[in-house]
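Here, each number is a calculation from the coordinates, and none is a lab measurement. Quantities reported herein were computed from a predicted structural model and do not represent experimental measurements. In this analysis, Cβ positions are derived from the backbone assuming ideal geometry, glycine residues included, and neighbour counts consider all displayed protein chains.
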Amino acid sequence: MTIAARRPVIPVIVAGVLFAGVGGAQPRGRRTEGPSSFSYYLLTLSYAPSFCSQPMSRKDPRECGVGRNVGFVVHGLWPQGETTRGPENCGPASPVAQRIVQAMLPYFPSESLIQHEWRAHGTCSGMSADDYFAALRKARDRVNVPSSLTPSTAARLSPADIESALAAANPGFPKEAFRTSCYRDGQLQEIRICFDRELSPRACGPSAGECRFAAVSLPPVR
C-alpha cells in the first residue's frame, strides 16, 4: 500500500486532507524547510474502519481485512508550524532499516507508510531514523484511546465529544491537546494529539485543524 493509495489527490482537496473543506489542516505540499522551522509535533492516528470504507483502491488487508479488528493506526508524527503546516521532505532519506520497520509494524499498517513518513516528516525532525521512530513510539504509547472510540456497532459522536473522551482518558494532557479530523462524507478520519518538541503534551495550534461537522460517524471495528 503506497501513500498515494492511502490519501488520494483530488481537485482542491489534496493527499492527507480529504477533510480540508470541513475543518482539517492545510494541504501538505512538498516543502523543504529545515528541521528548526517547526513549533510542535502532531501525532496523527487514523481510524481504520473509516479509511477502509472510503472509495480507494489498494487497501492493505492487514489493515482492512475482514476480522482484523483494527481500530486506530499511526499515520505519522508530523513537525508542525504554530499557524501553518510544518516542513516536509527536508533532505535525502535513506530507506528505513528493516529492524526499525519490524519494530514499527505494530504501530503502522504497512511498511510503505513507515518509509513515507520518514521521508516526508522524519527528515524534518532533526533526528536520526532510530531517534525519530523511538520518539513516535514514546508519543503513541502515552496516549490512551478509550473503548468508546473503537465501537463494535456504528456510532455517531460530535468532535467535541470525541475530544472530551480523549481528555478524560488522558488526564495528564491539556484538553486542548486533542483534535478531530473527518472525511467529507462525515466519517471520522483521524484523531490528532499535540506534543511540544520535547514530547510533552501541549495545546494544539490552529494548524492542527478541526472537523466542522456537528457529528461524525464511526463505523464499527470488525
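Things to note:
- Net charge over other residues, Cβ less than 13 angstrom from the Cβ of P151 (K, R count +1; D, E count -1): +1
- Proximal charge balance of L45 [Cβ under 9 Å; K/R count +1, D/E count -1]: +1
- Legend: calculated FRET efficiency, A103 to A169, from the Cβ-Cβ distance at R0 = 30 Å, rounded to 0.05, equals 0.75.
- With R₀ fixed at 30 Å, the C-beta to C-beta distance from S148 to A214 puts the FRET efficiency at about 0.95.
- Here the simple spin-label model places points 7 Å from the Cα toward Cβ, and for S53 and E176 these points are separated by 3.3 nm.
- A simple spin-label model places pseudo-atoms 7 Å from Cα toward Cβ; at R197 and E82 they are separated by 1.2 nm.
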